[in-house]
Amino acid sequence: MSTQAHQAGAGFFRKYLWATDHKIIAMQYLFTGMIMAIIGGFMAYVFRMQLAFPSQHVPGYGVVSPGEYNSLVTMHGTIMIFWVAMPVLIAAFGNFLIPLMVGCDDMAFPRINRLSFQVFFLSAVVLLASFLVKGGAFGGAWTAYPPLSASGAYNLEPIGASMWLVAVALEFVAFLLGGINFVVTTLNGRAPGMKMYDIPIMVWMVVLASILFMFSVGPLIAGAVMLFFDQNLGTGFYNPTQGGDPLLWQHLFWFFGHPEVYVVLLPAMGIVAEVLSVFSRKKLFGYKTVLHTAWGVGVLSFVVWAHHQFVAGIDPRMANVFTITTLLISIPVAEMVFVYIATLYGGSIRLTTPMLWALAFIAEFMIGGVSGIFLGASASDIYFHDTYFLVAHFHYTFFPIAFIAVFAGLTYWYPKMFGRMLNETLGKIHFWGTIIAVNVIFIPLFITGAAGDQRRIYSYAQFSEQARPGLQDLRMTATFALLVFIAFQFVFLFNFLWSLRRGKRAEANPWLANTLEWTVPSPPPHGNFAELPTVYRGPYEYGSPGRELDYWPQNAPS
Amino acid sequence: MMKPIATSRSATGIPTARLVTWWVIASEIFIFGGLLASYVMHRLAHPEWAAAAAHTNEWAGGFNTFVLLTSSLSAVLAHKAADSGDGPKAARFLRLTALGGVIFLTVKAFEWTHEIREGFVLASGGFWSFYYFVAGLHALHVLAGLIIMLFVAVDAAKNQELQRVECVGLYWHFVDIIWIFLFPLLYIAR
Amino acid sequence: MLERFLTGASTFSPSIDHLIFLIAAIVGFWLIVAEACLFWLIFKYRHKEGRASQYVTGEEKHLKRWISVPHMLVIACDVLIIVAAVKVWMSVKQNFPPAQETVRVFGQQWAWSFQQPGADGVLDTADDIFTVDDLHVKVNTTYYFELRSRDVVHSFSIPSFRLKQDAVPGRTITGWFRADRLGTYDIQCTQICGVGHAFMAGRIVVETPQEHAAWIERATNPSLEARAAPAVSATDGSPVAEVRQ
Ligand code: HEA
Ligand code: HEA
Ligand code: CUA
Ligand SMILES: [Cu+2]
């Protein structure tokens, strides 16, 4: 937050809750996302404690009942995806960076931007309030399959279920509104001279993510209204006895749900691209390849959805089609990853904290990606579907995206956002603690999954095969590692807050980077540029031969 | 509030306002697209819904189709007038278009009152659930469109923000085209 | 490979296990190669005083090979995996061997109930056996199961058989299995179905034809069953309930 941030008084409301400045809106999203991350992380702590020590008192929470367990898991999943990954990766970074990176003074529609955050904030309030209503928060999983989600008689949380649905729908609206600005500002608000291929990859990725989101979410919005009617007005869109079909929801949900995972993947990839090239002082290996593979991922992501439904009762012949498309999507993703690795070739790599995070992203995401192949192959998914192997798969993709890439981005842009440098030593302690702990959390879960642990289970006592000795040790290992993980997050929070006031003052361009946001003071003033820039070259001209400096800002006349 | 420079830039050459309109229309197409696809799949699986569909009033629906098509024409004329810089004339055509919307909604209200009197409500079975939901969502779009149109007309009459005339017109055509899909699917298909 | 984590007990479990091994070998190889490249490059090109970075755009032909060759190889691997997966899938979920026995499986909040033919081997006759959370099958016999749900979506899963199929209200989904190893195995519900999801546990007992005949005998004759209850009960000790539909 800029120095103005510390003014209190009547101006506060106008400035921070009614602000239209893209940087302030970005901070609103960032801080809301961080608070939600802490809430979602706390839920993970509670239910992991329950899994390690069934039915015992969880410090800070109490005894977990089966119904509460389901609510916690559901809310954890929903929060982490919709209220952490999306707001932080797309809305916070997108809002902060797009106007700065394309060289203009604000978003094209600042008031729509403000509305977007307000709707988003409201959605978060509705979601959290559902914990307080009669029956408690919704516990039918983040996928909310009807008839369970459609009827209070089945889920026992009639109010919670509707509130969950309303909150999610509002969140969708917020991101549809936000998408307007990301796309329009990038297309139309670019600085003179900035051609399509001069746009930083980060900006492209946010734009692509917004487009993917917009195309995939429409049917689900309609579907959510139908589910709401089923819950509250007695219709039977998903009820077979009234002529409906429960599988309809699954199709609508996954038609959105699968593209959604790439909606968060792409901005994470964008952050990593920026950080990699700056700290290896290298041009991105094949800018166009990255862009084309991102488009490829986007297009393919619309035709793989039923790989979540191989055994859900769809026509088994369909599974073959979706196996093919699912495996095909590994090609552009693999290519993108290879390009990132190749970027290091010939570089001069500086292992700063942001760079460590970016490299760790690649290393960890590959594990998550290849584990997806086991699930994409229909026949092996018969076994792995809804086991902890799947849980480990998506945490090895989501965790790198929602935390590792975010930490890369935060540590990299922190000087620009707040005008201060973070402490490197604390940053590295946090990095190593987090990376080691997170692998110790999720590798055991691959094993328990392979041994048959099914997901969303309160206690395995009922299942003799799952109660075998050894498996409980693995579950406890994961929980202990989570405790270690949480302990290291305090290092981050301390570093973050302490540096806000005590950190070394940041210059305009501390990392010697090329993109336009580094040409303005840190933090950027209202209106960003004293004089709006003109762009002469692409964003990744590092180590250009025949130049004294190894970097070449986009706006420097040649 | 001062407008940022970003709002007036146009690096692609496409006016910003038009880009937004297309974005909104595209996202709406996907909402209606998903809905109609769901409806069609169910309809094919339930031939017995034809009996329920027979209770709809094709004449009212047909008349409404005619009304919407005519109003689209006046939206085009409004755009023409705005392009030639004649704000007051554009405003008149916009109000005429909005009138079409009002007629559409009035007919719709009578139709639904009649059907509800006969006992067909939202929860009366698969067909009726889709019928009220799809047509109701469309009617909400008509309502939203005509309110926006009246606001745009106020500005246009003062020769202000004339670029908005085209945008609201585009939106109106979209609402119109959706109806062209709904009408046969809901009223005529047997 | 999967055997190390959970023994297989049906005729298709080896084919699924082999597929998993094949995928593990292929993607494991790629993962190791990619991670090795990553770490090697980080080490090789670490910052050294006086060594500037090279200017490489990634468009150079001789460098592009480093992307395009792996690209083709990944496609080849994908094709291999697709073919293997589809082959196994067809044999498990599409082309069923002829049925020797048929049972009905009902998912409900929060129990599995089963309808099995009695001594006559035919369903829907007076001697049908109805059990809850307890299914008895003959070893080396091809069973069809007709899966239904009475309320919400459940998922009928026998991990040792590598078998999983959702039970969807409004549909009857047929599948098959052929157990080839004696013993008692878990039946799980793998789709969240409400507060009792974690308690929706069943057992499947794979037994010899003689044992099975004896079980049918006991189950159709309630007085015998009462005495023999401990032998056929679920492991939680409660006697097998008899529910008539
Ligand atoms: C952002 C998160 C994210 C990402 C990026 C992915 C990426 C992929 N996912 Fe994942 N997935 C989830 C999040 C994600 N997933 C979630 C949340 C669920 C569960 C939802 C729920 O049920 O709650 C899920 C579930 C899920 C399923 C359903 C399983 C089931 O329910 O039974 C499947 C099945 O196909 C699947 C496959 C894949 C594949 C093939 C990829 C691919 O994109 C991965 C491609 C990447 C690589 C392959 C790695 C790099 C390549 C190499 C190192 C080269 C070598 C590779 C080969 C030779 C193939 N995922
Ligand atoms: C982005 C997605 C995301 C992320 C990051 C996580 C993070 C974690 N998840 Fe989660 N998880 C899901 C998405 C995610 N999860 C989903 C979708 C499901 C399925 C739900 C369902 O079944 O319906 C699920 C389910 C799930 C299960 C399965 C439960 C079950 O089936 O019974 C488990 C079990 O261990 C688990 C554990 C964890 C743990 C230990 C973490 C830890 O990594 C979390 C640690 C995080 C913290 C302690 C917070 C720290 C906060 C800060 C440091 C503040 C700063 C933050 C920022 C800068 C952003 N998760
Ligand atoms: Cu039945 Cu879970
Ligand atoms: Cu998917």
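The values are calculated or read from the model by the stated rules, or taken from the named source; none is laboratory data. Quick caveat, the model's predicted, so the values are computed rather than measured. Virtual Cβ from ideal backbone geometry, glycine too; neighbours counted across all protein chains shown. Heads up: the accessible areas ignore ligands, DNA and RNA and are worked out on the full protein's heavy atoms, side chains in. Shrake-Rupley method; radii C 1.70, N 1.55, O 1.52, S 1.80 Å.
Values computed for the structure shown
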{"item": "Failed criterion for A:Ser151 (all others in (1) out of contact with any Asp or Glu (no Cβ under 9 Å at 6 or more places or on another chain); (2) surrounded by fewer than 24 Cβ atoms within 10 Å (Cβ to Cβ) hold)", "result": "(1)"}
{"item": "Every pair of residues 6+ apart whose Cβ atoms lie under 7 Å, when the first sits in region B:18-41 and is at the interface with chain A (Cβ under 7 Å from one of its Cβ atoms) while the second is open to solvent by 50 Å² or more (accessible area, probe 1.4 Å)", "result": "B:Phe30/A:Phe215"}
{"item": "Leading residue by the ranking (farthest from the other protein chains (Cβ to nearest Cβ)) among those in region C:164-181 that are touching a Gly at 6+ places or on another chain (Cβ under 8 Å) and crowded, with 17+ Cβ neighbours inside 10 Å", "result": "C:Ala167"}
{"item": "Enumeration of residues in region C:5-32 that are under 16 Å from the mean Cα position of the chain (by Cα) and of a type outside the set (Gly, Ala, Ser)", "result": "C:Phe5, C:Leu6, C:Thr7, C:Thr11, C:Phe12, C:Pro14, C:Ile16, C:Asp17, C:His18, C:Leu19, C:Ile20, C:Phe21"}
{"item": "Residue within region A:416-438 that is more than 10 Å from chain C (Cβ to nearest Cβ), among the β-branched types (Val, Ile, Thr) and within 16 Å of ligand 1 (Cβ to nearest atom) present", "result": "yes"}
{"item": "Residue within region B:158-166 that is assigned to a helix (DSSP H, G or I) and touching a Gly at 6+ places or on another chain (Cβ under 8 Å) present", "result": "no"}
{"item": "Residues within region C:154-187 that are within 16 Å of ligand 1 (Cβ to nearest atom) and among the acidic types (Asp, Glu), tallied", "result": "1"}
{"item": "Test: A:Gly270 is in a helix (DSSP H, G or I) and within 12 Å of chain B (Cβ to nearest Cβ)", "result": "no"}
{"item": "In region A:213-245, the residues that are part of a helix (DSSP H, G or I), open to solvent by 10 Å² or more (accessible area, probe 1.4 Å) and in contact (Cβ under 8 Å) with a residue 60 or more places away in the chain", "result": "A:Phe215, A:Phe228, A:Asp230, A:Gln231, A:Asn232"}
{"item": "Test: residue in region A:261-277 that is open to solvent by 10 Å² or more (accessible area, probe 1.4 Å) and away from ligand 4 (no atom under 16 Å from the Cβ)", "result": "no"}
{"item": "Flag for A:Phe131 being in contact (Cβ under 8 Å) with a residue 12 or more places away in the chain, surrounded by 18 or more Cβ atoms within 10 Å (Cβ to Cβ) and more than 14 Å from chain B (Cβ to nearest Cβ)", "result": "no"}
{"item": "Check on A:Phe121, among the hydrophobic types (A, V, I, L, M, F, W, C) and open to solvent by 10 Å² or more (accessible area, probe 1.4 Å)", "result": "yes"}
{"item": "Residue match in region A:195-212 (condition: small (Gly, Ala, Ser) and within 11 Å of chain B (Cβ to nearest Cβ))", "result": "yes"}
{"item": "Helices (runs of 4 or more DSSP H) wholly inside region A:395-511 containing at least 3 residues that are touching a residue at least 60 places away in the same chain (Cβ under 8 Å) and closer than 30 Å to C:Val195 by Cα", "result": "A:424-450, A:471-502"}
{"item": "Complete set of residues in region A:273-303 that are within 12 Å of ligand 1 (Cβ to nearest atom) and either within 11 Å of chain C (Cβ to nearest Cβ) or not in a helix (DSSP H, G or I) (or both)", "result": "A:Thr293"}
{"item": "A:Gly368 vs. criteria more than 14 Å from every other protein chain (Cβ to nearest Cβ) and open to solvent by less than 10 Å² (accessible area, probe 1.4 Å)", "result": "no"}
{"item": "Residue match in region A:11-22 (condition: crowded, with 20+ Cβ neighbours inside 10 Å, more than 9 Å from ligand 2 (Cβ to nearest atom) and modelled with pLDDT under 95)", "result": "yes"}
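Every residue, every condition in (1) in contact (Cβ under 8 Å) with a residue 12 or more places away in the chain; (2) under 25 Å from the mean Cα position of the chain (by Cα); (3) surrounded by 22 or more Cβ atoms within 10 Å (Cβ to Cβ), yes or no:
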position	(1), (2), (3)
A:Val311	yes, no, yes
A:Pro316	no, no, no
A:Asn320	yes, no, no
A:Thr325	yes, yes, no
A:Val333	yes, yes, yes
A:Met336	yes, yes, yes
A:Tyr345	yes, no, no
